[in-house]
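Step one of this worksheet: look at the structure below.
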Amino acid sequence: MVRRSRVATSASRKVLEGKCYCGDVGYQVEDAFLYAAYCHCSQCRRTTGSAFKPFAGIERSKLRLREDAGKLLIVGEDNGHDAHCARCGSLLYSVVREGAYVHVALGTLVDAPSIRPDKHIFVASKAPWFEITDGLPQYPEFPD
C-alpha cells in the first residue's frame, strides 16, 4: 500500500497547508510564490496588531480554501479585501492587485514555504517605535 504524504504535489509543486489560530478555517496553497516581503503599511499593522505583516504573493487561483470557507470574515470588496477567520479573527490572506493575487500571511502557514521575505515595503508609514535592523532593502511604497 502506497501512503500519500500530507504535503501533496501538483505538477511537481509542493502544496502547503495553512490555517487560522482556532483551526476553523484552513487552506492549501501551492509553494509557487512569486514574491515575499514585510509590509509596514498602516492597514497591515492594524489588521495584524503588529509592526508589519510578513506575506508571500501568488496568483489567486493557486489558493484553495477548505470546505469551511463560509467561516470567513471578508473586509473589503471582491477584488481587494482581507480574509479573516470569523471566529478567532486571524488574518489569513489579502486579495490584491485587482483581485488577481493574494498575499498569504506567512504566519498562518503550517508548512514552511520555500520563499523568504526579501524586502520591507511601505516603510514610509512604518510604526515609529519599530526599528528595521536586518539589512534587507527598504522601499517607501510597493516597488514596481
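Rule-based calculations on the coordinates, nothing more; no lab input. What you see is a predicted model; the values in this text were computed from it and never measured. In this analysis, Cβ positions are derived from the backbone assuming ideal geometry, glycine residues included, and neighbour counts consider all displayed protein chains.
I'd like the residue in the stretch 120-143 that is among the charged types (D, E, K, R) and exposed (fewer than 13 other Cβ atoms within 10 Å of the Cβ) and, out of all such residues, is nearest to residue 49 (Cα to Cα).
Among those residues, the one meeting the criterion is 131.
Could we say that residue 107 is under 19 Å from residue 14 (Cα atoms) and of a type outside the set (Val, Ile, Thr) here? Spell out how you get there, then give the answer.
Details: under 19 Å from residue 14 (Cα atoms): yes; of a type outside the set (Val, Ile, Thr): yes.
Yes, satisfied.
Go through the residues of the stretch 90-98 one by one and say whether even a single one is farther than 19 Å from residue 25 by Cα and exposed (fewer than 13 other Cβ atoms within 10 Å of the Cβ).
Looking through the stretch 90-98, at least one residue is farther than 19 Å from residue 25 by Cα and exposed (fewer than 13 other Cβ atoms within 10 Å of the Cβ).
Search the stretch 119-143 for residues that are more than 15 Å from residue 35 (Cα to Cα) and without any contact (Cβ under 8 Å) to a residue 40 or more places away in the chain and pair each with any residue that is acidic (Asp, Glu) and surrounded by 11 or more Cβ atoms within 10 Å (Cβ to Cβ) when their beta-carbon atoms are under 8 Å apart and the residues are at least 6 apart or on different chains.
124/141
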